[in-house]
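This report refers to the structure that appears directly beneath it.
The values are calculated or read from the model by the stated rules, or taken from the named source; none is laboratory data. Just so we're clear, the structure is a prediction, and the values are computed from it rather than from any experiment. Methodologically, a virtual Cβ is constructed for each residue, glycine included, from the backbone with ideal geometry; neighbour enumeration extends over all protein chains shown. Ligands, DNA and RNA are stripped out before the accessible areas are found, and what is left, the full protein with its side chains, is counted by its heavy atoms. Shrake-Rupley method; radii C 1.70, N 1.55, O 1.52, S 1.80 Å.
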Amino acid sequence: MSASVIDGNALAARVRGELAVRATALAARGVQPCLAVILVGNDPASAVYVRNKMAACEKAGIRSLKLEYPGDIDPVVVMAKLAELNADASVHGILVQLPLPSRFDEGAVLEAISVAKDVDGFHAENVGRLSQGQDAFSPCTPHGVMKMFEAAQLRLAGAEVVVIGRSNIVGKPMAMLLINAGATVTICHSRTRDLAFHTRRADIVVAAVGKPRFLTADMVKPGAAVIDVGINRLPDGKLCGDVDFAAVSEVAGLITPVPGGVGPMTIAMLLENTVIAAERVAREAGQ
Ligand code: GUN
């Protein structure tokens with residue numbers, strides 16, 4: 001068997017095109033969507049992610065502001081900037097790139113972002129709303145995966161899904177979105193005793209482990225859908241996912257590549273949340 005491949009680049013381009021139309025309509029009503037991005041320190045991967053996010057904003061007609069701080073900045077300065085951005089009516093979305101230096105209280109920083117501008121969906125109130133099935137900003141990576149399921153017309157109600165990874169950014173919100181869609185969800189992680197026992201009985205596997213080619217063909221049920229959230233840099237500089245793509249695509253029915261899979265969808269969902277935040281502001285102002 002050779003799996004169908006979900007083209008994340010093509011799907012994300014379609015979503016970005018639709019968002020550009022909505023951004024233009026907002027600008028015509030006097031509201032230009034704007035995302036503020038805070039980057040602390042000089043982690044090279046974070047710098048690349050931020051650059052990609054801002055370039056995507058620009059292409060979709062969304063203004064973006066970058067606020068960069070050295071790694072030894074006093075957290076008080078960042079908190080003061082967040083208060084300023086919260087009060088700035090021309091800013092609709094705020095993102096603090098993670099990870100922050102260890103001196104920072106990450107939870108406190110995320111909760112200092114206005115819930116209405118929390119386009120990453122990491123504020124405790126948005127997390128709580130999502131877990132209660134209420135309207136909330138969904139974290140961008142799992143939200144992007146849900147869009148891929150929708151595009152592939154995958155039936156989630158009643159499906160057995162195994163999510164590998166329990167992070168606040170991917171694993172936990174992924175599980176919440178899937179539960180809300182009616183799936184039966186198992187979250188596995190580094191302490192899971194027999195991972196392959198779980199993955200082999202899954203209709204859908206979402207791998208968010210952070211280890212190159214961790215999910216191998218013998219761990220996958222024939223015909224299953226396999227979503228690869230990993231972005232790992234190999235010693236030769238190439239990118240690879242958490243899934244052994246060549247071998248698993250011989251067993252799975254549906255698979256996402258790395259690069260060109262979940263990554264572009266994550267950015268598209270950030271743009272979508274920013275446009276939604278700006279549309280709410282325009283609606284509330286009667287514009
Ligand atoms: N670091 C890794 N992924 C993300 C993300 O989706 N948002 C933010 N803010 N930081 C991240």
*From the Cα gyration tensor of segment 43-175, with a ≥ b ≥ c the square roots of its eigenvalues, which class applies: rounded if a/c is under 1.5, or else prolate if a/b is larger than b/c, or else oblate?*
prolate
*What share of the DSSP beta bridges in segment 201-287 is antiparallel, in percent to the nearest 5?*
20
_Cα-Cα over 31 Å, subset of LYS66/LYS172; LYS53/LYS238; LYS53/LYS221; LYS59/LYS81_ = LYS53/LYS221
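Sorted by packing (mean other beta-carbon atoms within 10 Å per residue), highest first, where do 184-191, 31-38 land? List each step's numbers first, then the result.
Values: 184-191: 15.2, 31-38: 22.6.
My ranking of the peptides, most packed first, is 31-38, 184-191.
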_Going Cα to Cα from LYS147, which aspartates and glutamates come in below 13 Å? Please leave out same-chain ones fewer than 8 positions away._
ASP7, GLU272
*Please build a GNM for the chain, connecting alpha carbons under 10 Å apart, and tell me which residue among ALA157, ALA247, ALA45 fluctuates the most.*
ALA45
*Anchor LYS211: aspartates and glutamates whose Cα lies under 12 Å away (excluding residues fewer than 8 positions away in-chain)*: ASP228, ASP242, ASP244
*If one takes the longest principal axis of the Cα atoms in the chain, at what angle in degrees, from 0 to 90 and to the nearest 10, does the Cα axis of helix 140-151 lie?*
60
*Rounded to the nearest 10 degrees, what's the angle between the helix 262-284 long axis and the longest principal axis of the chain, both from Cα atoms, 0 to 90?*
40
*Helix 171-180 versus the longest principal axis of the chain: what angle, 0 to 90°, nearest 10, using Cα atoms?*
80
_Could you give the length gained by full extension between THR24 and ARG200, i.e. 0.36 nm per residue of separation minus their alpha carbon distance, to one decimal place?_
58.7 nm
*GNM top mover of VAL170, VAL21, VAL209 - the chain, alpha-carbon springs below 10 Å*: VAL21
_Distant-in-sequence amide H partners of CYS188 (H built 1.01 Å from N, under 5 Å)_ = VAL163, ILE164, GLY165
*asked:* Calculate the FRET efficiency for VAL77 and ARG280 from the Cβ-Cβ distance with a Förster distance of 25 Å, rounded to the nearest 0.05.
replied: 0.30
*How many nm is it between the label spots at GLN32 and ASP7, if each spot is 7 Å from the Cα in line with the beta carbon?*
3.3
*What full-extension length gain, to one decimal in nm, is calculated for ARG193 and ALA55 as 0.36 nm per residue of separation minus the Cα-Cα distance?*
45.5 nm
*For GLU125 and ASN180, what is the calculated FRET efficiency with R₀ set at 25 Å and r taken between the beta-carbons, to the nearest 0.05?*
0.90
*Any idea what the dipole of segment 71-143 comes to, in debye rounded to 20, about its Cα centre with Lys/Arg Cβ at +1 and Asp/Glu Cβ at -1?*
120
*For segment 137-190, state the semi-axes of the equivalent ellipsoid (square roots of 5 times the eigenvalues of the alpha-carbon gyration tensor), sorted largest first and rounded to whole angstrom.*
17, 14, 9
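For the chain, with all protein chains present and a 1.4 Å probe, just round the carbon and sulfur fraction of the accessible area to a whole percent.
Roughly 53 percent of what the probe reaches on the chain is carbon or sulfur.
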